[in-house]
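Visitor: Got a structure for you, written out below as structure tokens; questions coming shortly.
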Amino acid sequence: MQNNYTKRMYPLWGLAPGFIVYFIFFLVPFITTFYYSFTSWDFYTAKFIGLSNYQDIVIDPLMKIALKNTIIFTFVTGITKVGLGMGLALFVNQKLKTSNFIRTVFFLPAVLNTIAVGILFTAILHPTNGLLNQTLGILHMEVFQLSWLTDVKLAIFSIAGIETWKWAGYNMVIILSGLQSISKEYYESAEIDGASGVKRFWHITFPLIMPAFNVALVGNIIGGLRVFDLVAATTGGGPGRATEVLNTAIFENFGNNLQGLASAGNVVLTLFVAVTSIITYAFIRRREVEL
């Protein structure tokens, strides 16, 4: 009897380390941040002020700009990273002699340090001495020489382009795993029926890779909403506030000794990421069933 009870309890004890790590590194920091979000906190004293910090977030012009830029960045990168990742996955899924080498090349940017990538592209996209504009000049394509990171209308999209370059290969790997799980029998049957390549993609490939597509899209939405290091390494939120995102605004509040306000911003961002991700995942998951 005792042995049977021990066997039933063992799986629970096996999960204990995971619960401990989750409790220490997620629940405790979140609960602490949630508490301080209702205070005027300067690292030394914390005075309870109710919902004042959350009210300030609603009316704060900086947070409004940061929210708008974060949504733009997330929308653009979500589409480009998944779209380009799918295109690369379809390409490398072909029977090519150099497939393994090509996959490695496309995936390599994902393992590079984001700060290093930001510094590298800050030099590449410099308006006068940057490699990109100099190359365009050599090719007599001066019309395309732009102030990539200093133009208030272009900077956020330039950073989105860097983000896409870095993570498209990672999305390729996720979607490629879905492609390689599709049985060839489906395509053989479709070919016998005379289905074109486009029809095979829309009626066989895309429906069957929807689980992988869902994972990639939700992951990119979370990454886009939480972006910080790439913006900090390239523009620091500038020029002006053109690339200010939620995390850089929260970081600035910490720097201005507004820890309570910054804590409230973290809580709002966490809930925003959670709600957006759950809704997106649930919507696409329902589409999986329909397809």
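Visitor: Give me, ordered by chain and number, the residues 5 or more places off Ala242 or on other chains with an amide H under 5 Å from its own placed amide H.
Guide: Under 5 Å from the amide H of Ala242: no residue qualifies.
Visitor: Kindly provide the helix-only [θ] at 222 nm of the chain, computed as the sum of -39,500 (n - 2.57) over DSSP H runs of four or more divided by all residues, to the nearest 500 deg cm²/dmol?
Guide: -22500 deg cm²/dmol, from helical runs alone.
Visitor: What list of ³J(HN,Hα) values in whole Hz, one per residue of region 83-98 in order, does the Karplus curve 6.51 cos²θ - 1.76 cosθ + 1.60 (θ = phi - 60°) give from phi, with Gly and Pro shown as x?
Guide: Each residue of region 83-98 in turn: x, 5, x, 5, x, 5, 5, 5, 5, 6, 7, 6, 7, 10, 5, 9 Hz.
Visitor: For a label point 7 angstrom out from the Cα of Phe48 toward its Cβ, which stretches of region 257-279 have the backbone nitrogen within less than 19 Å?
Guide: 260-261, 263-264
Visitor: Shifting gears a bit: Excluding residues fewer than 8 places away in the same chain, name every one of the lysines whose C-alpha is closer than 18 Å to that of Lys47.
Guide: none
Visitor: When the accessible area of the chain is computed with all protein chains present and a 1.4 Å probe, what percentage of it is carbon and sulfur?
Guide: Details: 11980 of 17490 Å².
Carbon and sulfur atoms account for 69 percent of the accessible area of the chain.
Visitor: Per residue of region 215-221, in order, report the coupling 6.51 cos²θ - 1.76 cosθ + 1.60 (Karplus, θ = phi - 60°) as ³J(HN,Hα) in whole Hz, putting x for Gly and Pro.
Guide: Result, rounded to whole Hz: 4, 5, 5, 5, x, 6, 5.
Visitor: Here is a further query. Go through Leu108, Leu176, Ile221 and say which Cα lies farthest out towards the positive end of the charge dipole of the chain; charges sit on Cβ, +1 for Lys and Arg, -1 for Asp and Glu.
Guide: Of the options given, the answer is Leu176.
Visitor: Can you tell me, using C-alpha contacts under 8 Å and at least 6 residues apart, the relative contact order of region 58-209 as a whole percent?
Guide: Working: 126 pairs, mean separation 47.4, N = 152.
This gives 31 percent for region 58-209.
Visitor: What FRET efficiency comes out for the pair Thr135/Ser189, r = Cβ-Cβ distance, R0 = 51 Å, nearest 0.05?
Guide: 0.60
Visitor: Within a Cβ distance under 13 Å of Gly240, other residues only, what is the Lys/Arg minus Asp/Glu net charge?
Guide: Overall, the nearby charge balance is 0.
Visitor: Nearest 20 debye, what's the magnitude of the dipole of the chain about its Cα centre given +1 on Lys and Arg Cβ and -1 on Asp and Glu Cβ?
Guide: About 620 debye.
Visitor: Still on this structure, I have one more. What residues have an amide H closer than 5 Å to that of Thr39, excluding those fewer than 5 places away on the same chain, when H is modeled at 1.01 Å from N in the peptide plane?
Guide: Residues meeting the criterion, in which the H sits 1.01 Å from N, are Ile49.
Visitor: Before I look further, what does region 83-234 give for accessible area per residue, probe 1.4 Å, in whole square angstrom?
Guide: It amounts to 57 Å² per residue over region 83-234.
Visitor: Now for a different question. Packing-wise, with mean Cβ within 10 Å as the measure, how do 116-124, 185-193, 47-55, 206-214 rank, highest first?
Guide: Going from most to least packed, we get 206-214, 116-124, 47-55, 185-193.
Visitor: On to the next question. Beyond 31 Å between alpha-carbons counts as too far, so tell me which of Lys81/Lys199; Lys97/Lys153; Lys64/Lys166; Lys97/Lys166; Lys97/Lys199; Lys153/Lys199 fall in that bin. Don't skip to the end; give the middle numbers.
Guide: Values: Lys81/Lys199 23 Å; Lys97/Lys153 43 Å; Lys64/Lys166 27 Å; Lys97/Lys166 25 Å; Lys97/Lys199 27 Å; Lys153/Lys199 39 Å.
Where the Cα-Cα span goes over 31 Å, the pairs concerned are Lys97/Lys153; Lys153/Lys199.
The values are calculated or read from the model by the stated rules, or taken from the named source; none is laboratory data. These figures come from a predicted structure and were not determined experimentally. Using ideal geometry, Cβ is built from the backbone for each residue, glycine included, and neighbour counts are taken over all protein chains shown. When the accessible area is computed, the model is the full protein with side chains, heavy atoms only, and any ligands, DNA or RNA have been set aside. Shrake-Rupley method; radii C 1.70, N 1.55, O 1.52, S 1.80 Å.
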